[in-house]
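A short worksheet on the structure shown next.
The values are calculated or read from the model by the stated rules, or taken from the named source; none is laboratory data. Since we're looking at a predicted model, the values are computed, not measured. Reconstructed Cβ throughout: ideal geometry from the backbone, glycine too, with neighbour counts over all protein chains shown.
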């Protein structure tokens with residue numbers, strides 16, 4: 001990881017998201033997202049919009065598959081965007097994912113573009 005990233009608010013948000021989903025705490029994870037957030041995950045064939053869509057995504061793909069995520073790396077792309085590489089395990093097996101995460105001015109996740117390696 002980049003030097004100094006550990007204390008950056010963007011990394012804190014990413015780590016909080018991973019911790020919440022690993023605890024299967026949908027409410028805590030959802031609280032990290034803006035109300036207008038978008039998750040675009042082509043592996044699911046869908047884009048998930050606003051809190052209702054984000055909740056659906058988290059319930060289907062994190063709770064539903066018992067997904068556990070491990071942070072592999074985080075590269076800041078300025079103050080409001082990061083490229084996050086993660087290790088996913090769950091009922092589906094094992095995947096390495098790439099998340100492009102953006103946060104809004106309040107530090108809430110505004111967009112995640114997800115892909116699998």
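Table for the structure above
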quantity	calculated
Residue that is more than 23 Å from residue 8 (Cβ to Cβ), free of Cβ contacts under 8 Å to residues at least 40 places away in the same chain and surrounded by 15 or more Cβ atoms within 10 Å (Cβ to Cβ), where the choices are 45, 97, 90	90
Tally, over the range 1-23, of residues that are loosely packed, with under 15 Cβ neighbours inside 10 Å, modelled with pLDDT under 95 and not in a helix (DSSP H, G or I)	4
In the range 24-35, the residues that are in contact with a strand residue (DSSP E or B) (Cβ under 8 Å, 6 or more places away or on another chain) and either farther than 17 Å from residue 13 by Cα or part of a loop (DSSP other than H, G, I, E, B) (or both)	32
The range 57-74 - residue that is surrounded by 15 or more Cβ atoms within 10 Å (Cβ to Cβ) and without any contact (Cβ under 8 Å) to a residue 24 or more places away in the chain and, of those, nearest to residue 109 (Cα to Cα)	57
Condition broken by residue 43, with the remaining ones in (1) assigned to a helix (DSSP H, G or I); (2) in contact with a helix residue (DSSP H, G or I) (Cβ under 8 Å, 6 or more places away or on another chain) satisfied	(2)
Options 78, 107; residue that is surrounded by fewer than 17 Cβ atoms within 10 Å (Cβ to Cβ), outside any strand (DSSP E or B), under 14 Å from the mean Cα position of the chain (by Cα) and at pLDDT below 95	107
